[in-house]
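Novice: Mind looking over this structure? Questions follow.
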Amino acid sequence: QVQLVESGGGLVQPGGSLRLSCAASGTTFRLDAMGWYRQAPGKQRELVAGITTDGSTLYADSVKGRFTISRDNAKNTVILQMNSLKPEDAAVYYCQLHQLGVDYWGQGTQVTVSS
């Protein structure tokens, strides 16, 4: 059974940084595409960043140049490094694993950007 556990959210001032981590279990992690999504109140969940099995990445235009997604297959972990955070980045961030046409989700971690 695939399980995803996110950590690293919290409160940060505008311009600050946070590092989100997602630990996966119950899967051959290196064979899975991974992503980070976010959902702000009253808005739809949106893709923030994705990383394929070969390490190719993609980013939402709104986070390009500020966020970096990476994966450590030895630790079954995907990381989202978020720099230069803005108030509009505030949301619940979800880790996603895509495997054989099925999406699995973590429980989410809250990111608040406020002075």
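The values are calculated or read from the model by the stated rules, or taken from the named source; none is laboratory data. Because the structure is predicted, anything quoted here is derived from the model rather than measured. Ideal geometry is used to build each Cβ from the backbone, glycine not excepted, and the neighbour counts take in all protein chains shown. Ligands, DNA and RNA are excluded from the accessible area calculation, which covers all protein heavy atoms including side chains. Shrake-Rupley method; radii C 1.70, N 1.55, O 1.52, S 1.80 Å.
Novice: Within segment 1-67, considering only strands (runs of 3 or more DSSP E) that don't extend past its boundaries, which have at least 1 residues that are closer than 25 Å to residue 112 by Cα and among the hydroxyl-bearing types (Ser, Thr, Tyr)?
Specialist: Details: elements: 3-7, 10-12, 18-25, 33-39, 46-51, 57-59.
Where strands (runs of 3 or more DSSP E) fall fully within segment 1-67 and carry at least 1 residues being closer than 25 Å to residue 112 by Cα and among the hydroxyl-bearing types (Ser, Thr, Tyr), they are 3-7, 18-25, 33-39, 57-59.
Novice: Against the condition at pLDDT below 95, of a type in the set (Val, Ile, Thr) and open to solvent by 20 Å² or more (accessible area, probe 1.4 Å), how does residue 53 come out, does it pass?
Specialist: Details: at pLDDT below 95: yes; of a type in the set (Val, Ile, Thr): yes; open to solvent by 20 Å² or more (accessible area, probe 1.4 Å): yes.
It is true that residue 53 is at pLDDT below 95, of a type in the set (Val, Ile, Thr) and open to solvent by 20 Å² or more (accessible area, probe 1.4 Å).
Novice: Please find, among 35, 16, the residue that is at pLDDT 95 or above, touching a His at 6+ places or on another chain (Cβ under 9 Å) and not hydroxyl-bearing (Ser, Thr, Tyr).
Specialist: Details: 16 fails: touching a His at 6+ places or on another chain (Cβ under 9 Å).
Of the residues listed, the single one that is at pLDDT 95 or above, touching a His at 6+ places or on another chain (Cβ under 9 Å) and not hydroxyl-bearing (Ser, Thr, Tyr) is 35.
Novice: Find the residue count for segment 41-61, including only residues that are under 14 Å from the mean Cα position of the chain (by Cα) and under 17 Å from residue 88 (Cα atoms). Explain how you work it out, then say what you get.
Specialist: Taking segment 41-61 and keeping what is under 14 Å from the mean Cα position of the chain (by Cα), we get 45-52, 57-60.
When the remaining residues are screened for being under 17 Å from residue 88 (Cα atoms), the result is 45-49, 59-60.
So the answer is 7.
Novice: Out of 72, 54, 61, I need the residue that is acidic (Asp, Glu), without any contact (Cβ under 8 Å) to a residue 12 or more places away in the chain and more than 20 Å from residue 98 (Cβ to Cβ). Which one?
Specialist: Answer to the check: 61.
Novice: One residue is enough: does segment 14-32 have a residue meeting the conditions aromatic (Phe, Trp, Tyr) and touching a strand residue (DSSP E or B) at 6+ places or on another chain (Cβ under 7 Å)?
Specialist: Of segment 14-32, the ones aromatic (Phe, Trp, Tyr) are 29.
Checking which are touching a strand residue (DSSP E or B) at 6+ places or on another chain (Cβ under 7 Å) leaves us with none.
No; the residues of segment 14-32 include none that is aromatic (Phe, Trp, Tyr) and touching a strand residue (DSSP E or B) at 6+ places or on another chain (Cβ under 7 Å).
Novice: Which residue pairs have Cβ atoms closer than 9 Å, lie 6 or more positions apart in sequence or on different chains, and pair a first residue in segment 1-21 that is hydroxyl-bearing (Ser, Thr, Tyr) with a second residue that is surrounded by 13 or more Cβ atoms within 10 Å (Cβ to Cβ) and not in a strand (DSSP E or B)?
Specialist: These pairs meet every condition: 17/83; 17/84; 17/85; 21/8.
Novice: Something else about it: Hey, residue 1 hits all of (1) modelled with pLDDT of 95 or more; (2) within 24 Å of residue 101 (Cβ to Cβ); (3) open to solvent by 70 Å² or more (accessible area, probe 1.4 Å) but one; which does it fall short on?
Specialist: With (1) modelled with pLDDT of 95 or more; (2) within 24 Å of residue 101 (Cβ to Cβ); (3) open to solvent by 70 Å² or more (accessible area, probe 1.4 Å) applied to residue 1, the lone miss is (1).
Novice: I've got another one for you. Checking the structure you have, find out if any residue of segment 87-106 is assigned to a loop (DSSP other than H, G, I, E, B), modelled with pLDDT under 95 and either under 15 Å from residue 7 (Cβ atoms) or open to solvent by 60 Å² or more (accessible area, probe 1.4 Å) (or both).
Specialist: First, the residues of segment 87-106 that are assigned to a loop (DSSP other than H, G, I, E, B): 90, 100-101, 106.
Those still in the list that are modelled with pLDDT under 95 too: 100-101.
Still in the list and also either under 15 Å from residue 7 (Cβ atoms) or open to solvent by 60 Å² or more (accessible area, probe 1.4 Å) (or both): 100-101.
Within segment 87-106, one or more residues are assigned to a loop (DSSP other than H, G, I, E, B), modelled with pLDDT under 95 and either under 15 Å from residue 7 (Cβ atoms) or open to solvent by 60 Å² or more (accessible area, probe 1.4 Å) (or both).
Novice: Tally time: how many residues in segment 18-45 are closer than 15 Å to residue 109 by Cβ and either exposed (fewer than 14 other Cβ atoms within 10 Å of the Cβ) or of a type outside the set (A, V, I, L, M, F, W, C) (or both)?
Specialist: Residues flagged as closer than 15 Å to residue 109 by Cβ and either exposed (fewer than 14 other Cβ atoms within 10 Å of the Cβ) or of a type outside the set (A, V, I, L, M, F, W, C) (or both) within segment 18-45 amount to 7.
Novice: Take segment 68-86 and flag every residue that is assigned to a loop (DSSP other than H, G, I, E, B), closer than 23 Å to residue 3 by Cα and of a type in the set (Gly, Ala, Ser).
Specialist: 74
Novice: Looking at (1) hydrophobic (A, V, I, L, M, F, W, C); (2) open to solvent by 70 Å² or more (accessible area, probe 1.4 Å); (3) at pLDDT 95 or above, can you tell me which one residue 69 breaks?
Specialist: Failed condition: (2).
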